[in-house]
Amino acid sequence: MAVVAEVPEETAVLVVGGGPVGLALAFELGRRGVECLVVEPRRAVSWERPRAKTTSARTMEHLRRWGIAEAVRAAAPLALDYSDQVVFCTALQGREITRFSGCFALTTGEEELYAEAGQQIPQPRFEETLRRELAEVASATLLLGWRLVGLSEAEDGVGAEIEEVEGGARRVLRARFAVGCDGARSLVREATGAHYVGTTDLRPNLNLVFRAAGLHEGHALGRAIHYWVLNPRVAGVLGPLDGGDLWWVIATGEGVLDDDPRELINELVGSEVDAEIVSTDPWAARLALASSYGSRRAFLAGDAAHLNPPWGGHGFNTGVGDAVNLGWKLAAVLQGWGGAELLASYEAERRPVAAETIALAEANMRVLAVDLADPRLELEGHVGDAARTAAARQIEAAKAIEFHSLGLVLGYSYAGSPIVATEGSRRRAPDPGHYRPSGEPGGRLPHRWLAPGCSLYDRLGSGFTLVLVDSAASAGPWSEAAARRGLPLAVLHVEGDSAAELGAEALLVRPDQHIAWRGAVREPEPGALLDLARGAPGGVISRSEPA
């Protein structure tokens, strides 16, 4: 990655916005050798508004594929083994009501269900790390201090006008494709004619970042990543940002925008704190989905395409999923082996996932700390004990899915997509709270460890992979059909437990680790299946039944 001051006249893909989603797209394209230019107004990443803090297990699997998962973990202020706990309490120095363990897949050691555990890392540090690691990706260029001011679409590409933020200089460049990773106020969305459809929750919220020396040692609740404070005077969530003196807060409810931030912190902690306010950030929760995910040459990803409140930690992770899905498809088209219908499948696959994510975030938002706050929780004796017991039951019933949502994180499916040989008539929405690995087409390939430190995913090719459960099976016809189409196809034989769960003797796995087809390796028309999976006209759905 080159950080440049000069503006190139043309590029293959113009990425508008260099936040987590734009940087992820640059990795997905760059690792595939596709030239891309990321235009980002901010020269430096600000720590005043950390926003996202949860990087999901699925996002970490993508980082592993790009070779940067360990770099992100090393950069995280909170190590993976810091804590996997979420505590509900009357105050940080008050009574514990209940707690959850194993939250957000923050597991140490190797888990069979996924190749990488989740990671707590503030969004600024995540962005800084990806900026730094992109230096190893020669085909990705990061243009800092510039913003998009105009975009027009033509038959063979897009024309973009960009402006230097400080100097006001303007340049015009051309690209084969443009992707708007430029957030809620997306100019790319406006240029495509798309608009948000959704609602806004009217309750005020206030994000705070503050420093307080000794606060970690000043309470008896133990290490946790979230402390949910059910205080009827000020209700909210707080947690550590760096394991030292830096903390974050989300306070919700009437009055939080009017009160002195230090008083809010004192109420949440349960005593007077010598707090240094780093930043304040008022916001309202929006639940919105773009009316379309783009046009023929310009696409939307991340917050430009969908908005959901932070409850559950799915925001930028969903955007990274967009970047991965769109990235390999853009690469396929630009490299000549992707079909004419491949890019149209982006919206068909990712928009339903965003809708399901928004629905889960909305469900999580129905029961917040402010809704659970009750003055009886602080009382002594029978009345207080009964109130805390009742609150614990309510919390465990309502909030478990917020911290344990692998069914959504790993279990979303592209079944029903025009480039998936779906075994059934309709796509089924995942059960967010329960993940069951399955070899069904559309879903993520079930994960297995082949040896200590060696994931099944590490053995997949960068293009498509034909996974065979019979070591003697021949992939000759598949390889020949792929070669005729210029489609990159690796062949992987698996045995034992890794094979039993797949439900067929052969699976065609896409570059994003999702299954495009399964059936018998002696499929009479492998070329037609490859055409289907690469979005080429004439691709047909196989009639083969799983073995």
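What follows draws every value from the coordinates through simple rules; no lab data is involved. Computed from a predicted model, the values in this text were never measured in an experiment. Note: ideal-geometry Cβ built from the backbone for every residue, glycine included; neighbour counts use all protein chains shown.
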Put +1 on the Cβ of each Lys and Arg and -1 on the Cβ of each Asp and Glu in the chain; which of Ser271, Ala304, Phe177 then has its Cα farthest toward the positive end of the dipole?
Phe177
Tell me, which longest segment in the chain has none of the trypsin sites (Lys or Arg not before Pro) that fall in DSSP loops with at most 11 further Cβ atoms within 10 Å?
186-365
Residues Ser471, Ser455, Ser101, Ser292, sorted so that the one with the fewest Cβ neighbours within 10 Å comes first:
Ser471, Ser101, Ser292, Ser455
Cα-projected label distance for Ala390 with Asp259, points at 7 Å along beta-carbon direction, nm
2.3
Gained length - Asp156 relative to Ala74, 0.36 nm times residue gap less alpha-carbon distance
25.3 nm
Where N is the number of residues in the stretch 130-207, Cα Rg divided by 2.2 N^0.38 Å:
1.40
Distance from the stretch 263-324 to the stretch 326-395 (C-alpha centre basis), Å
12
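Report, in cubic angstrom per residue, the convex hull volume of the C-alpha atoms of the stretch 52-177. Walk me through the numbers on the way to the answer.
Details: hull volume 25.0 nm³, N = 126.
Each residue corresponds to 198 Å³ of Cα convex hull volume.
Give me Rg over Rh for the chain, both radii from the alpha carbons and Rh done the Kirkwood way, two decimal places. Don't skip to the answer; put the middle values down first.
Numbers: Rg = 24.2 Å, Rh = 24.5 Å.
Expressed as Rg/Rh, it is 0.99.
If each DSSP helix of 4+ residues adds -39,500 (n - 2.57) and the sum is divided by the residues in the chain, what number results at 222 nm, nearest 500 deg cm²/dmol? Walk me through the intermediate numbers first.
On the way: 14 runs with 148 residues, N = 547.
When only DSSP H runs of four or more count, the value is -8000 deg cm²/dmol.
Which whole-number percentage describes the relative contact order of the stretch 419-533, with Cα contacts under 8 Å and a sequence gap of 6 or more? All intermediate terms of the calculation are to be shown ahead of the outcome.
On the way: 189 pairs, mean separation 39.7, N = 115.
Normalised by residue count, the contact order of the stretch 419-533 is 34 percent.
Extension gain Asp201-Glu111, at 0.36 nm per residue separation less the Cα-Cα distance, in nm? Please list the in-between numbers first.
Values: separation 90, 0.36 × 90 = 32.40 nm, distance 3.72 nm.
This chain segment gains 28.7 nm when fully extended.
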Would you work out which of Tyr435, Ala504, Val87 lies farthest towards the positive end of the dipole of the chain, given +1 charges on the beta-carbon of Lys and Arg and -1 on that of Asp and Glu, about the Cα centre?
Ala504
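Please give the contour-minus-distance gain from Ala451 to Arg171: 0.36 nm per residue of separation, less the Cα-Cα distance, rounded to one decimal in nm.
Numbers: separation 280, 0.36 × 280 = 100.80 nm, distance 5.19 nm.
Full-extension gain reported as 95.6 nm.
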For Trp228, Trp248, what's the fewest-to-most ordering of other Cβ within 10 Å of each Cβ?
Trp248, Trp228
Could you give me the percent of Cα pairs per 10 Å distance bin for the stretch 391-527, shortest bin first, beginning at zero and ending with the bin that holds the maximum distance?
12, 38, 31, 13, 5, 2, 0
Could you tell me which GluC sites (Glu not before Pro) in the stretch 154-191 are loop residues by DSSP with no more than 14 other beta carbons within 10 angstrom of their beta carbon?
Glu155, Glu166
Identify the GluC sites (Glu not before Pro) of the stretch 1-85 meeting these criteria: DSSP loop state and at most 13 other C-beta atoms within 10 Å of the C-beta.
Glu6, Glu9, Glu48
For Cα pairs less than 8 Å apart in space and 6+ apart in sequence, what is the mean separation divided by the residue count of the stretch 61-152, i.e. the relative contact order in percent?
27
Between Arg43 and Asp371, how many nm apart are label points set 7 Å from Cα along the C-beta direction?
4.5
Mean separation of Cα contacts under 8 Å (6+ apart) over length of the stretch 45-204, as relative contact order %
19
Interatomic Cα distance distribution for the stretch 263-353, bins of 10 angstrom, percent:
14, 34, 21, 14, 11, 6, 1
